[in-house]
Amino acid sequence: MNPLISQIAQNLNQPLPGPEAQYRMAHAVRGSYPATSADARVACVLLALYPKQNDWHLVLIQRVSSNPNDRHGGQISFPGGGYEEADGTLEQGALREANEEVGIIAEDVTLLGRLTELFIPVSNFIVHPFVGWLDYTPAFTPQLSEVHAIVEVPLDSLLDPANRRKTEIKLPNNITLKEVPYFDINGHIVWGATAMMLNEFLEVILKNSEEQVM
């Protein structure tokens, strides 16, 4: 196993950075850590690492904006979605969703661990993020009903402090959020819950080392 992958697996099995790391990329409107509602729905997402062009990459998706049932339409997110009883486990739910949305072969993914779950009040989901890796570059196939575009992200760019910025976000209800922290990924604005989970993952990577990641 690659040294970086081994280190990530080891760090994921130690105490996690947790909500403090997540909230370093949260907008002030979120306040402190909200309690999960009793009727929150369960979702699972996959942070899938894979090698490409001498760097590790993560795959993200841009969600379609035409789905009236998707409170996060048009935004950048991890592959994932609602847990189903037939999945059996949360891990299997994340793998199934990744297969459906971007065509990742579930059997080829080696799961390394999980990050801290995150409650998203606007959509009433409690999201369980899992980290896995593949030893090859997948041939992605987007699920056209849910995925507008696949966004492949070099890990080096995520670790570059110059790609952490703040901007204004205009929401569909005519509310404008100011000074929203985000990751600039090739012009894509990665903010909200995705940025929060992503920041915890990056802090896991950097927990014991500041060396290059490839």
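Observations, loosely collected:
- Extending 7 Å from Cα along the Cβ direction at residue 106 and again at residue 9 yields two label points whose distance is 2.1 nm.
- The listed peptides 49-61, 93-105, 144-156, ordered by packing as a protection proxy, come out as 93-105, 49-61, 144-156 (highest mean of other Cβ atoms within 10 Å first).
- Three-way shape call for the chain based on the alpha-carbon gyration tensor, with the a/c threshold at 1.5: rounded
- Positive-end residue of 180, 109, 16, charge dipole of the chain with Cβ unit charges: 180
- Additional length obtainable on full extension of the chain from residue 156 to residue 1, 0.36 nm per residue less Cα span: 53.8 nm
- 222 nm mean residue ellipticity, helices alone, for the chain (DSSP H n ≥ 4; -39,500 (n - 2.57); rounded to 500): -6500 deg cm²/dmol
Quick note: the coordinates plus some simple rules give every number you see, no bench work behind them. From a predicted model like this one, the values you see are computed outputs, not experimental measurements. Glycine also receives a Cβ, built like all others from the backbone with ideal geometry; neighbour counts cover every protein chain displayed.
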